[in-house]
Every structure is written in structure tokens, then in C-alpha cells.
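What follows is a short report on a single structure.
The values are calculated or read from the model by the stated rules, or taken from the named source; none is laboratory data. For clarity, every value in this text was computed on a predicted model and none was experimentally measured. Here Cβ is always computed from backbone atoms with ideal geometry, including for glycine, and neighbour counts include all displayed protein chains. Accessible surface is based on the protein model in full, side chains and every heavy atom, while ligands, DNA and RNA are left aside. Shrake-Rupley method; radii C 1.70, N 1.55, O 1.52, S 1.80 Å.
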Amino acid sequence: MKKFNIRKVLDGLTAASSSSSSPQSSNRDNDVVLETLQSEHFQLCKTVRHGFPYQPSAMAFDPVQKILVIGTESGALRLFGRAGVECYCQHEGNAAVIQLQFLVNEGALVSALSDDSIHLWNLRQKIPAILHSLKFSRERITFCHLPFQSKWLYVGTERGNIHIVNVESFTLSGYVIMWNKAIELSSKTHPGPVVHISDNPMDEGKLLIGFECGIVVLWDLRSKKADYRYSYDEAIHSVAWHHEGKQFVCSHSDGTLTTWNVRSPAKPAQIITPHGKQPRDGKKPDPCKPILKVEYKTEKSGEPFMVLSGGLSYDTVGRRACLTVMHGKSTAVLEMDYPIVDFLTLCETPYPNDYQEPYAVVVLLERDLVVIDLAQTGYPSFENPYPLSIHESPVTCCEYFADCPAELIPALYSVGSRQKRQGYSKKEWPISGGNWGQGAQSYPEIIITGHADGSIKFWDASALMLQVLYKLKTAKVFEKVPAKEEKSSPDVVDEDPFAVHSLSWCPESRVLCMAAVSAHVIVYRFSKQEVTLETVQLLEVRMQCELNDVDSPEGGGDQASAVSTPGASSSPQCGTPHPSTSSASSSEGPRDNVPCLRVRSSALKQSPGYQVELVIQLLWVSGEPPQQISSLAVNSAYGLVVLGNGNGVAVVDYLQKTLLLNVTTAELHGSPDPHQRQPRSPRKGRHPSGVGLCDGNDGAVTSEDRCKSPTSGCGSPYHSDEDNKQQKFLEKVKSKSRLISKSVANDFAKMSRKFSMAADHKHDGGSVRRQFSLHVEKRVCEAEEAAPRRKAASVYGTHFEHGLNARDGSFIHSRSSSMGSLDREAREVISCLHFCEIMSRNSELAPAPSLWLGTTLGTVLTVSLSVPSAPEQRLQQTVPVSFCGSLVRLKGGVLRMAVMDSTGSLVPPACEGWYDPNAPEEERERTRSRRTTSPSSSQENQDCQYAVVCSEKQAKVVAMPSQNCVYDHNITETSFVLRADVVVMSAGLCIACFCANGHIMTLSLPSLRPLLDVNYLPLTDMRIARTFCFSNLGQALYLTSPMEIQRLTYSQETCDNLQEMLGELFTPVETPEAPNRGFFKGLFGGGAQSLDREDLFGELAAGKASRSLAQHIPGPGSMEGMKGAASGVVGELARARIALDERGQKLGELEERTAAMMASADAFSRHAHDVMLKYKDKKWYQL
């Protein structure tokens, strides 16, 4: 008889009634763990943004500083210098940027927004800030122009007027060019908005103004009148000057270019239609699409360049956007992959009155940035050094790894350098401004992105930079998917069948495992040698929901195929498709035993890098597609990969290419005790589901044995009644299964054994095995028979409408925190998986390999793994798998699990050192090593490890092996956690959480004390929930737009060093000398004429502008803005300190004044006394 222990009962009661924030008093070993992390170690701030600017709208270039800036429709600015020098800043209000103007070589930038405001940015600091802003209230801004080396900005408006702004003080001048004075008095219509402003390159006093209607005016700034007016029938889009100032070119809405001589306004000197068909009879060519922009650049030793966008013929339907380069008599049409937003021609000189000498064209597309080399034949493009290809295919998942092995990045770069395209320009990247940061952060960082086309990209993210290292295309493993119209049935994976859903990567062994939306998993291993794979190793797994989802044959006859079976291929197959895969849907019945995609049958050539080790595919079951894989984990030390979804979990040995485990979620909770029956749900009749038995070889067991109770005849009334019902049920199902293939019909007979439960069963020759222990040796089974029965938590797997989006793989959410049986009317999904080496029971003397399964209902289940230690035994013997029951239960779905040792250090999963699988055997054995982390020495029966589990609602720390909950903490009550990770900081361990309400929090370990809670970013897009991830050393990232990655840090140390780590945009550079006018031009006045704009636009000459026209707003970068931006506690303290200083200063001044008055009074008293003494003895007549 087992001895009763009242102490354990009291300990259990104490654990059950503990508060959420206080530790358990029963555990004394926690006091040994010294926590070094404090709240002052954390601070949250953004670091850098990578990727292509989302929805670009404007662009500008500083020809001296060599800096490029791109504005977006959301008000963002992205500045680019040399490779690795990037900067992001944002306007308030999120208004679209319509135009950008550099103060060339001044370290300043002017931006014009769609909300009719202009801003002056200071670029001389690492994080640019706005110095001044000017908000127009009565007119809409349409165009801005800032002449070279000028402080006066011309602002054109929708009404046709031009205002002038002093960029130093950001004040309006009283000088205004009104539209009615610019056009002819005889004109009866409004000319429309101002679409162009530029000054004559040779005379700064002449301003060229283009109106939308087609009128161009040359305005004399000195005389305040129009010198010439040029009129054309078509609307104007842009204007470009010849550098000599005698000609200009206009682009029009009918696809024509008109060239005008300045002194001949009557008609254009030339009219051409670059892409129009010239009729033979001399008629006007057919109209083309508008030419949106034209630039006219000259060369000293050659013909001028004319670069334009648009203007294609209307009959070119479906043709991609083009950039046209006209050089002399040659015309080159360069097709672009995306529509053109803007382009700029880069020239050798910033002076507009000199030969421009163009050398490149920067083309801003909607989804790309292209730089074309004009100096080489064929106009090749430059190789872009920026990480702008993140969105090449939509990002579907993301992982972040900090402090990786040092040799990993060079290895990935060496194989990735062979993937680079050829044919780029041999010249250096022309955008070369700025300097790199000099930060102290030197640990390697890697970001992995999974994409919708099945590609996986590895990025070097060290030192706040981002550079692509290697690209893996997983779609090569499969046959090409036919076009959508050819598909017979609309599946959930039709649109992106290869889209990567989740990733599991071991940096030490370089083993990569990916899961896609088509319910397939691919295991990759890294090799430096090229190999050709004749047949792809394939393992097909049939995962089904349990039978208790079906109430009755009448109510669910069509769902009768949803019976949990162990049917799965337990041995690898070649790339030859399954016999049932010849067609998407059989004419005899529903699609069954067929994967979503076909593995290619031909040989697969694999380049150095990641190479396919095994493909695992989930099969269709009776017309139902396999559920998406919700969780994935790989372990290189054990050679195992585990995957879970709403149906259950499967464990695969990728070394032996065999299936070790395939059970439903309900079977994970099934009790091994045959006499312990689970209560039935009062909501509807459910069939108890236990641990199913399966045979190792199909056909080795007769149909009579399959239907026989595993307890060898020791039945019960419960069994007899249930068996009769189940037999009737199966007969009805068989009668309705005529449209189903024979293989599926036979499976129903096998499933009759699913309705009887047993913990032990002796059988002859080991032909009947446990489903979760395929191919397990007989002596292991007998050892389990003798082991004490372990009680497992009984949970019924039912249909669960969880928040797992089948299309984009968004987060899984279970708002129910109750653990009652009535609340389990939901399908329990495997949400988290974790390999570890831990002592699960007090009887264990050393940590043993284990697998933890976390579910969406907050349960953590333990699976024991018996992995052979010797490599030769590992390849010959099967890994036995057995259940150890439930470990802990939490509110909400489990998100993250980890193990700590008694000193508070993280115990990472065991891993294997990398070795080349294609290398010679001797070299492989020399480099192959297994790395394990064992806990510190401890006495027997003493807790020496801690299990850390975090769910959507709370976190718990459980002492092992006693399984006492020593700490728990309710993270949130009103929201739920989207992403949680146990991260290693420089000073200790913590749990980092990102909640749906936008809060980022950190909790200490093991005490779970809140250390950081910042309201950072509300969940406005599912993209954020899908891609947000934490990493070690206080790093995190998420996809802030479809094209951009935002990195942030929650480490105080990184925030302190951020200024040093960021690159510098502005560097002191000498402005090139002005062009030499020459002797004769200087003698006869033929050179460029300057203009003193201060005499024209200054307050003394032009007066003050109307106050109601625009409002000046000090920016946060100015002194006034700094005072106005002070807010919060820090701002209040600063204001209080300033007030105290001012008060002290005033008191000091008052004291000085008082002292001065006292001194003056003393002086007056002495003077009066002297006067009195002088005249005291004198008579009145002596005065």
C-alpha cells in the first residue's frame, strides 16, 4: 500500500491558491537565484528602418554631399548615402510629401507636403529634426523651387500665384507674383496651378513660370513684369532649361516635346513626339500618353541628353513603364518593372549655367530604385547596395537571431555571392555620401525572412546595417503549379502555394526547417559542395481530426472520414508522385491521400548552400485539405523535427526518414489507465478518445485483432454498449462511402480500435504497437508496463474556431481562460514546441531529452525521448517516444517555453556542431560533435532546473523535477500577448512580451517582476502580429509596412550607444568652384548675371506678407521647438529647473538692485551730510 503524504497535499493546495505576483513560500531554492536585471537596464527606442520606402512620392539629390532622399505618401523621409548609411524620419500628421529640395552642401532639406506646409530639416545631426515649419492657410502648394546657393524659396500655388519664403527665418516675403499679372490681360481664363518654377541659368533675375493650361511666362523679378509669354494648346507637365539659358523644353499631355527659343515666343522652335508614329502625308502624329517629366542635360564633348518618362503610344496596351534616353540621334527605351514615380539625372556640377556632364539617372519606381549608367554603352544599371529587395516577394514570416556563431555570416556570404546577377555597371555606386557609425556593438546578427513565393532570405543585420547574404528557393523541390483557371477546386493555398508559414533554425548546426501554407515541411542541411539529388526523399503523413467531432452518421455522414488514424508513410518515398496524385480530384470520389503539391520526380541539382534533406507532406483526408502547420521545431542533436496543427502532432526522424509519432490532440490528453474513464461532455454525446494503437506493418494484424479490445477481453458494460454503437455507426458510414476510394473505406475498419483505451497490452511478436511509439523495441514496451502509471490531464479535443488565419498565418488566440470541461468545446491546437534536456521526475538522476508541447488552451504536455547516444546506434535504432503527462496549465494559449538552471542561466536545447554532410567520412567524424548543456550539480531530490512558460495571458516558473509552480504573473487582463520570448540580456535573463494593445513588456526571471511596460505600437495590422519577434541582447523587429523592417531596442545600453552606432549624413565637403566665365564673356557681359535677392525680397524692399496667408511653426529641432516639445515628467522637470533658474536669476537681479539702491542711498546721505557741514556755519548772506 502506498504511503500517504500529507505534506505533498498541502504543497499542492498552496500551489493552487497562490497569488499571481507572489512567489511560493514552499520552495526555498529560488532564493539562491540571484537576479541582476533591474528596470534601469531597459529603455525602448527605435534604431533603424530597412527596406524600400512604402508608397514613394518624391525624390531629391544633393550633388555635392552625394545624398539621396525619398519622400512617401505617409509623410516619411528616407535618406540614403553610401552602403550602410541610411536614415529614417517622419513628419507629423502623415501628410504626403509632394516635393523635396536640398540646400546643396548646407546640410539642410526643404520638404513640401500635401497639407500645404513646408518644413526645413537639419541634416547636420545623426537623427534629422525639423527646424522650422510654415503652414499655408489660404492657398494650396503645387510646386517649389530653391535656386542653387540661394536662401529664397519660390512656392507656387494652385491659384497660380508664387510666394517667396526666406529659408533661414522661414518667413514670407511681401514680394508676390500674382497670376493675373503674369498672364496677358486679354486672357479670359485662369491659367491653372503652377506646375513649374525655375530661374534662367544665365540670369537669376529671370524666372520661368509654367502653368498647367500650357502657358509659360518669363518673369522679370526686377521690373516685376512678364518679358515673354509662350503658349501651347496642350497642358504642361514639366520644363527643362538648356544650360546656356537660350532655350527650354516643355513636356505636354499629348506626348509631345516643344523646344522654345527664349526670344521667340510666337511659336516653338521644334515639336517632336518621341514615341509617336510619323504619318507620311505630313499630318500631325497620333497623340501619345503624357510625358510626365523631361530633363535636358548637355555635354561639353558630345550631344546633349534628353531624358523623359512616359509618352508611349496608346496602342502599346499592357506595356510596362519606360524611361527614354535620347542622346543625339539615338533613342533608347528602357523598360522598368514598376511604374515610374520620379527620376533625376546626376551631373558632375551643381551649377546650372555650366555643361552638366550627366553620368547617371536615378529612377524611383513604385517598388524599386534603379540607377542607370549613362557613360557605358547599353546603359547598364548599377548594383544596388541597399537592402531594398525585402519585398521582392511579400514577407510572410520573420525570425531574428542575435549573437550568432562568428563563422556563420562568412559561410552564408560565400555561398550567396555565387547567386549575384551579372551585367551590372562596373563603376562604383554614385550615391556615396555620409560616413559609417563607430559603434561598439560588434556581435553578429542574422535576420531570416520567409516569402510568399517560397523563398527564404538570410540577412546580415550586424551593426544596424542590413545586407542580403543568401537566398534559398524552396519551390524548386516541387512541380510547377498550373494556372489558376486550370485548377479544379478552390483551395486555401491557391494563391501562394509555396508561401513560407514558419521557420525553425539551429545556428550552431545550420539545420533549417520550414513549413509552408500547403502543409508541407522541408528539412535543409548546409553544405559547401554542389550535389545532384536523383530522388527527393519524401515522407507523407496523414493527420486527421478525431472521431468525436462527428456526432452521428445522420448528422455528419459526410464527415465520417475525419477519423483519427495512424495512417502515414513510415518510410521515405522517392519523388515519384503518389498513385492518387495523378489528378487533383478523382472522378470516383473526394480527394484523399493526396498532398497539396507534387514533389518533382526529376533530378534536383543543388548548389552550395542549403540542400534538401527531407520533404514531409500532410495529406488530404476525404476531400478535406490538411490543416496548416501551426508550430514547428527541429533539433539537430536528436535528429528530430516535430510539427503540430489543429489535428495533432507528428514527430519525424529526419536522419532515418521515419515517422515516430502521429497522434491527435485528444490522444495526448488520454489517460494511460484503462479503468479511468473520462466524463462525457453534457453538451453533446462525445466518444472518449485514448491513445490509439497501430501496427508497425500494414496487414500484419487481422481485422479481428483490430476490432479486439487491447485489454485482451477484460471488457466492461461501458465497452459493450459503446462497441455496439460504434459498430452501427461504422456500418452506416460504410454504406455512405461509395464515392470514397477503397483505401479510405478500409481505414474505417481499422479505426474501430480507437474506441477502447488501455495503458498496457501484451501482444505476440510486437505486431501491435502504440501509435505514439512506432517500431519501438519490445523490451522498452515491457519496461513501460512495469513503470508506475502516470495520471494525465484529460482534455477532449473538439472543434475550435481559433484565430489562426489560414491565408497569412496570423496569430493564434484563445480568449477563454477557464479550464472547465464545459469550456473545452474548442479544437485544441498545438501552438508551441520546445526540445529540452530536463529532469521531469524526482526519480531521474540526470536530465533526459524531452519534448514539450504547448496548446492554445494553455496546457503544456511532456513527451520523453530516448535518443541513442552513439552515432552508429542513432542511425540504426528507432527513437522510442513516451508520454509523461501534463506539466503545467496557464490561461490562454502557450507562446514560449524555456528551461533555466539553478543559477538562473538559460539552458538552450541540445545541438550538434555543423559538419558538411557531403564531405568525406573522415572529415565528417572529425567535425561532428554534440553540444549539450547540463545543469549545475545538485543534491538528490532537490530542484535544480526551472521551466519557464509564457502564454497569451500569464507567465509561470515551475521548479523541476518537483513540478511546483514557484512564480506566476498575470501579464494582461484586458488584452493578450502576441509574441513572447525568453531573451538573454547582457546582465541576465528576462521574458519579453508584445501585446495586442501595443505594450512591450519585460519580466525578470525567475521572479517575473515587471521591469518594462511601454505603450509602443497598437496592433493596427496583422502584418505586425505575424512578423514581430524579439532577439537576445535587447533587440526586436517587425514589418512596419509591406516593404520595410523596423528595428528597435529595449536595452538601455544600446540606447546609450545609439548615437555612436548611427551613421552621419552630412560631411564637410568643399563646394566646387564656379565655372570660369572666360575673358571675352567677362569683357562683354556674356556670362551669368547674378541677382541680389535680398534687395528684392527683403522686408525693407518688399514689406511684410499678410499674416493670414501662412503661419510659422517652430520645429522641435529649433530652440523654440525644443522648449515647446518638452512634455511628460522629464519636460516638467526641465521646465521646473528653468523656472527655478529664472527665479534665482530674478532674485539675484533684485538683490543687486537693492544693493545698488542702498549704495545710492548711502552716497546720497553722505553727500547731504557734506553739504550740511559745508553750509552749517554760514549766514544766509554768505551763501
| said: With the structure loaded, tell me whether TRP152 is aromatic (Phe, Trp, Tyr), open to solvent by 10 Å² or more (accessible area, probe 1.4 Å) and free of Cβ contacts under 8 Å to residues at least 40 places away in the same chain or whether it fails that test. | reply: no
| said: Condition check: modelled with pLDDT under 95, open to solvent by less than 70 Å² (accessible area, probe 1.4 Å) and of a type outside the set (D, E, K, R). Does PHE143 satisfy that? | reply: no
| request: Mind counting the residues in segment 294-325 that are of a type in the set (Val, Ile, Thr), open to solvent by 10 Å² or more (accessible area, probe 1.4 Å) and over 37 Å from the mean Cα position of the chain (by Cα)? | output: 1
| task | Restricting attention to segment 1107-1133, report how many residues are at pLDDT below 55, part of a helix (DSSP H, G or I) and not charged (D, E, K, R). | result | 9
| So which residues in segment 1074-1106 are open to solvent by 50 Å² or more (accessible area, probe 1.4 Å), of a type in the set (A, V, I, L, M, F, W, C), part of a helix (DSSP H, G or I) and modelled with pLDDT of 80 or more, if there are any at all? | LEU1100, ALA1101
| message | Give me the strands (runs of 3 or more DSSP E) completely within segment 585-661, filtered to those with at least 2 residues that are under 27 Å from the mean Cα position of the chain (by Cα), ordered by residue number. | response | 609-618, 631-635, 640-644
| query | Name the pairs: first residue in segment 634-645 and touching a residue at least 60 places away in the same chain (Cβ under 8 Å) and of a type in the set (A, V, I, L, M, F, W, C), second residue open to solvent by less than 10 Å² (accessible area, probe 1.4 Å) and assigned to a loop (DSSP other than H, G, I, E, B), Cβ to Cβ under 6 Å, at least 6 apart or on different chains? | reply | ALA637/ALA910; VAL641/TYR654; LEU643/ILE629
| Where residues in segment 1005-1028 are polar (S, T, N, Q) and over 24 Å from VAL907 (Cα atoms), which of them is surrounded by the fewest Cβ atoms within 10 Å (Cβ to Cβ)? | THR1020
| field | Pairs, first free of Cβ contacts under 8 Å to residues at least 24 places away in the same chain in segment 1148-1176, second exposed (fewer than 10 other Cβ atoms within 10 Å of the Cβ) and assigned to a helix (DSSP H, G or I), C-beta under 9 Å, six or more apart | value | TYR1175/GLN1182
| request: For VAL217, work out the one condition from (1) more than 47 Å from the chain's Cα centre (by Cα); (2) closer than 21 Å to SER309 by Cα; (3) open to solvent by less than 10 Å² (accessible area, probe 1.4 Å) it doesn't fulfil. | output: (2)
| Pairs, please: C-beta under 6 Å, at least 6 apart or cross-chain, first residue free of Cβ contacts under 8 Å to residues at least 60 places away in the same chain and in segment 73-87, second of a type in the set (Ser, Thr, Tyr)? | GLU73/SER57; ARG78/TYR88
| query | From THR1002, THR1071, which residue is touching a residue at least 12 places away in the same chain (Cβ under 8 Å), open to solvent by 10 Å² or more (accessible area, probe 1.4 Å) and of a type in the set (S, T, N, Q)? | reply | THR1071
| Which numbered condition SER869 fails, given (1) in contact with a strand residue (DSSP E or B) (Cβ under 8 Å, 6 or more places away or on another chain); (2) of a type outside the set (Val, Ile, Thr); (3) surrounded by fewer than 21 Cβ atoms within 10 Å (Cβ to Cβ) | (1)
| field | Wholly enclosed strands (runs of 3 or more DSSP E) of segment 41-141 bearing at least 2 residues in contact with an Asp or Glu (Cβ under 7 Å, 6 or more places away or on another chain) and among the aliphatic types (A, V, I, L, M) | value | 56-62
| request: Within segment 1036-1066, track down each residue that is in contact with a His (Cβ under 6 Å, 6 or more places away or on another chain) and assigned to a strand (DSSP E or B). | output: ILE1045
| said: For segment 979-994, give me each residue that is crowded, with 22+ Cβ neighbours inside 10 Å, in contact with a Phe, Trp or Tyr (Cβ under 7 Å, 6 or more places away or on another chain) and not small (Gly, Ala, Ser). | reply: ARG979, VAL983, PHE994
| said: I'd like to check something: does segment 374-386 contain any residue that is small (Gly, Ala, Ser), modelled with pLDDT under 95 and open to solvent by less than 20 Å² (accessible area, probe 1.4 Å)? | reply: no
| field | Long-range neighbours under 7 Å by Cβ, at least six apart or interchain, first residue on the phi > 0 side of the Ramachandran plot within segment 419-434, second assigned to a loop (DSSP other than H, G, I, E, B) | value | GLY423/PRO380; GLY434/GLY81; GLY434/ARG82; GLY434/VAL85; GLY434/GLY1063; GLY434/LEU1065; GLY434/THR1067
| strands (runs of 3 or more DSSP E) wholly in segment 463-566 with at least 1 residues that are modelled with pLDDT under 95, at positive phi and open to solvent by less than 20 Å² (accessible area, probe 1.4 Å) - which ones? | none
| In this structure, does ARG222 turn out to be surrounded by fewer than 18 Cβ atoms within 10 Å (Cβ to Cβ), without any contact (Cβ under 8 Å) to a residue 60 or more places away in the chain and of a type outside the set (A, V, I, L, M)? | no
| request: Determine whether segment 174-186 contains at least one residue that is more than 17 Å from GLN101 (Cα to Cα), assigned to a strand (DSSP E or B) and without any contact (Cβ under 8 Å) to a residue 60 or more places away in the chain. | output: yes
| GLY450 passes all but one of (1) touching a Ser or Thr at 6+ places or on another chain (Cβ under 8 Å); (2) surrounded by fewer than 22 Cβ atoms within 10 Å (Cβ to Cβ); which number fails? | (2)
| query | Can PHE170 be described as crowded, with 21+ Cβ neighbours inside 10 Å and within 40 Å of the chain's Cα centre (by Cα)? | reply | yes
